[in-house]
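The values are calculated or read from the model by the stated rules, or taken from the named source; none is laboratory data. The shown structure was predicted, so the numbers you read here are calculated from the model rather than taken from an experiment. When we count neighbours, we look across all protein chains shown, and the Cβ atoms used for this are built from the backbone with ideal geometry, even at glycine. Note: areas computed on protein heavy atoms with side chains; ligands, DNA, RNA excluded. Shrake-Rupley method; radii C 1.70, N 1.55, O 1.52, S 1.80 Å.
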Amino acid sequence: MARAEAEKAGRTLGRTFKGWYYLKSVDPEVTVGVDTSIKYLDGVLDEQGPFDGILGFSQGGLMAAVMCSVLEHRQSADGKGHPPFRFAIICSGYMLQDAEWQRLYERPLSTPSLHLYGVLDPMIRHSRSMALQQAFVSPEASCSDGAHFVPKSHEAILTVSQFVEKFQ
């Protein structure tokens, strides 16, 4: 994807929005920039890794799951590059619907995952977060009555802490 086209897709009302991808079409969903984001994150992993886990919120949650899939598929294919993550924490994440990227979800993701989402989230309906959760083999989940934010309650922090402690 040409950089100019990706930048054009991110401009709305004279403002430029930053994101891991942009929608070129909603029905059917066609995205712009996912491949560029994967390459960027691959570079970060190669230059600054290895990392034990990944955490993402909203579009970042989507990309966290994408990177879990990319690393799992790559590991089984050639064993080179960053190893699969030991865990993923996904807040208000969801799946790409773009047909080009459905291969990412063809087989269940084995990365241990914790999914946090709010039933009152107006941006990402909890049903979308639950669909992503089902793309993982043994997901854990914590649902709150919150909206579109990373949960900060004592209960949520304890849930995340207990999840991460399993991988120490």
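Things to note:
- Output for the stretch 25-54, where each listed residue is modelled with pLDDT of 90 or more and in a strand (DSSP E or B): 30, 31, 32, 53, 54
- Qualifying residue in the stretch 55-62 (condition: open to solvent by 20 Å² or more (accessible area, probe 1.4 Å), in a helix (DSSP H, G or I) and more than 24 Å from residue 168 (Cα to Cα)): yes
- Subset of the stretch 154-168 [among the β-branched types (Val, Ile, Thr) and open to solvent by 60 Å² or more (accessible area, probe 1.4 Å)]: 157
- Lone unmet requirement of (1) open to solvent by less than 30 Å² (accessible area, probe 1.4 Å); (2) among the charged types (D, E, K, R); (3) not in a loop (DSSP other than H, G, I, E, B) for residue 100: (1)
- The stretch 84-131, residues that are at pLDDT below 95 and of a type in the set (D, E, K, R): 98, 100, 103, 106, 107, 121, 125, 128
- Total residues in the stretch 118-153 satisfying the condition of being outside any loop (DSSP other than H, G, I, E, B) and either open to solvent by 20 Å² or more (accessible area, probe 1.4 Å) or in contact with a Gly (Cβ under 8 Å, 6 or more places away or on another chain) (or both): the figure is 14.
- In the stretch 132-149, the qualifying residues are those that are under 11 Å from residue 115 (Cα atoms) and of a type in the set (A, V, I, L, M), and the one that is modelled with the highest pLDDT is 132.
- Against the numbered list (1) closer than 20 Å to residue 148 by Cα; (2) in a strand (DSSP E or B), residue 18 comes up short only at (2).
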